[in-house]
Amino acid sequence: MDDDRTEKIRQRAYEIFQREGGILGNHERHWHQAELEIDREAALPLTAGDALPETREVDGADVLTVEALAMRTGISGDEAQELLDRLGNDRAAIEQAARNLKAKRRS
């Protein structure tokens, strides 16, 4: 396992830990979930132009959809809901906006 991947997983696992209220005892599940997310993201195309966006409707009221977007992109549930409400059914735009929002917060 390379150092960069390990560090990304460590950071993501900590983000998951924080999102879930900082309750101790779930570190293995957090690590495994972080590994899955990081590996899935690594398999994604680098730009939206590299792949055809999936065209399926996203129901902003669907709690699982909001939660999945928040977990996948590292934004809050409220931010995820706002993006879904604002951008409607455009999944590629929603994903990109979420990643931009997170990157903007880091800088």
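Any read-out appearing in this document is the output of simple, stated calculations on the displayed coordinates, not a laboratory observation. All values reported here derive from a predicted model rather than from experimental measurement. FYI the Cβ positions are ideal-geometry reconstructions off the backbone, even for glycines, and counts take in every protein chain you see.
Footprinting exposure proxy ranking of Thr73, Thr6, fewest other C-beta atoms within 10 angstrom first, gives Thr6, Thr73.
Once a ≥ b ≥ c are taken as the square roots of the eigenvalues of the Cα gyration tensor of segment 1-43, is the result rounded (a/c under 1.5), prolate (a/b larger than b/c) or oblate (a/b not larger than b/c)? Prolate shape, in that a/c is at least 1.5 and a/b is the bigger ratio. Phi-derived couplings, Karplus 6.51 cos²θ - 1.76 cosθ + 1.60 at θ = phi - 60°, listed residue by residue for segment 73-82: 10, x, 9, 6, x, 5, 5, 4, 4, 4 Hz, with x used for Gly and Pro.
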